[in-house]
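Here's the structure, in structure tokens; my notes come after.
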Amino acid sequence: MTGLAEAKPSLSRFEGCVLGLAVGDALGMPVELRSAQDVKKRYGRITEMMDGPRLKAGQFTDDTIMSVITMESILAQKRVDPDDLGRRFLAWHEGGDLRGIGGTTRQALLALKYGKTWRESGLKSKFAAGNGTAMRSAPLGLFRWNNLEALRADCEAASIITHRNSEAVAGSRAVAFAVAALVSGRAVCPELMRQTASFLGSSEVARNLLKADRLLTQGKPAEFALFALGTGGYVVETIASSFYCFCATPNDFEQTVVTAVMGGDDTDTTASIAGALSGAYNGVEAIPERWLAVLEERERLRALARDLYTLACPG
């Protein structure tokens with residue numbers, strides 16, 4: 001199967017995906033690593049951009065930065081080139097604006113710096129099953145929206161630069177597949193979680209996605225569901241919780257990302273992925289203007305989305 005859909009996606013959905021991931025990242029940034037109980041106690045319900053410990057309101061973290069680097073590499077090479085992507089990640093690391101970089105990614109980039117190839121640099125242990133590849137995979141879904149075989153291969157190549165772990169690769173494929181399905185207009189919720197699990201095959205990521213689907217079908221409230229699925233940096237938790245947030249309110253971008261933030265723990269990544277999914281489905285018009293107004297580098301992100309659309313959807 002190479003074609004996912006015959007219909008050409010809209011530019012609005014590409015822009016919605018890219019801006020949606022950045023908005024979710026920025027909204028979750030101030031409360032990253034706080035528990036859901038602490039977030040609720042300290043802030044009530046978070047619906048506005050806020051300053052964080054080190055960043056200002058509307059600024060995003062490494063989730064968006066690495067997604068931007070991925071888009072820039074794809075646009076420069078006209079393909080997913082892991083050698084180029086690795087060099088760009090390393091240049092970013094050397095530049096110092098790391099904004100929450102994970103330990104697995106940092107160690108892998110140091111391995112690149114000291115002579116490892118992109119095939120060798122990524123960590124393989126169970127501790128490399130983090131969400132550091134899933135968080136930057138939405139652009140792969142946009143680029144390969146109509147070619148699932150290429151999407152599958154590209155996700156692995158782009159992931160193993162930093163995470164040579166099968167669950168991390170599965171998480172990357174989950175996000176990319178869902179984005180591709182949503183921008184093409186061929187996926188609706190709640191079937192999306194089952195479709196994604198089927199695409200992944202046997203994996204812990206797929207199994208927790210199916211658990212999320214069951215919780216949604218049973219009508220479990222978000223607070224209960226996210227606690228049951230987990231909201232930490234383990235990719236198995238992140239994928240299930242971010243997909244749950246989107247599928248619980250598929251037509252409401254704001255509700256989706258607020259729910260993700262209120263789940264606590266790795267708030268920026270859960271909300272970033274949920275925002276990418278919602279933006280890919282609903283288009284950029286669904287993102288509240290008050291959030292876009294303060295979003296860092298909004299026009300640069302929009303331009304990248306447009307350029308990627310031109311490349312991925314010619315004619």
Does any residue of segment 254-270 turn out to be of a type outside the set (Val, Ile, Thr) and without any contact (Cβ under 8 Å) to a residue 12 or more places away in the chain? yes
Step by step: first the residues of segment 31-56, then only those that are open to solvent by 40 Å² or more (accessible area, probe 1.4 Å) and among the hydrophobic types (A, V, I, L, M, F, W, C), then the one that is nearest to Arg144 (Cα to Cα). Which residue is that? Leu33
Please verify whether segment 2-11 includes one or more residues that are touching a helix residue (DSSP H, G or I) at 6+ places or on another chain (Cβ under 7 Å), open to solvent by 10 Å² or more (accessible area, probe 1.4 Å) and farther than 22 Å from Ala274 by Cα. yes
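For Gly102, are the conditions met, namely being free of Cβ contacts under 8 Å to residues at least 24 places away in the same chain, more than 15 Å from Val179 (Cβ to Cβ), open to solvent by less than 60 Å² (accessible area, probe 1.4 Å) and out of contact with any helix residue (DSSP H, G or I) (no Cβ under 7 Å at 6 or more places or on another chain)? Can you show your working first?
On the way: free of Cβ contacts under 8 Å to residues at least 24 places away in the same chain: no; more than 15 Å from Val179 (Cβ to Cβ): yes; open to solvent by less than 60 Å² (accessible area, probe 1.4 Å): yes; out of contact with any helix residue (DSSP H, G or I) (no Cβ under 7 Å at 6 or more places or on another chain): yes.
It is false that Gly102 is free of Cβ contacts under 8 Å to residues at least 24 places away in the same chain, more than 15 Å from Val179 (Cβ to Cβ), open to solvent by less than 60 Å² (accessible area, probe 1.4 Å) and out of contact with any helix residue (DSSP H, G or I) (no Cβ under 7 Å at 6 or more places or on another chain).
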How many residues are among the hydrophobic types (A, V, I, L, M, F, W, C) and touching a Gly at 6+ places or on another chain (Cβ under 6 Å) when one looks only at segment 150-207? 6
Just to confirm my filter: which helices (runs of 4 or more DSSP H) fall fully inside segment 138-203 and include at least 2 residues that are open to solvent by 10 Å² or more (accessible area, probe 1.4 Å) and modelled with pLDDT of 95 or more? 148-159, 166-183, 191-200
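The values are calculated or read from the model by the stated rules, or taken from the named source; none is laboratory data. Just so it is clear, the structure is predicted and the values come from calculations on it, not from any experiment. Positions of Cβ are backbone-derived with ideal geometry, glycine not excepted, and every protein chain shown enters the neighbour counts. All accessible areas refer to the heavy atoms of the entire protein, side chains included, with ligands and DNA or RNA removed. Shrake-Rupley method; radii C 1.70, N 1.55, O 1.52, S 1.80 Å.
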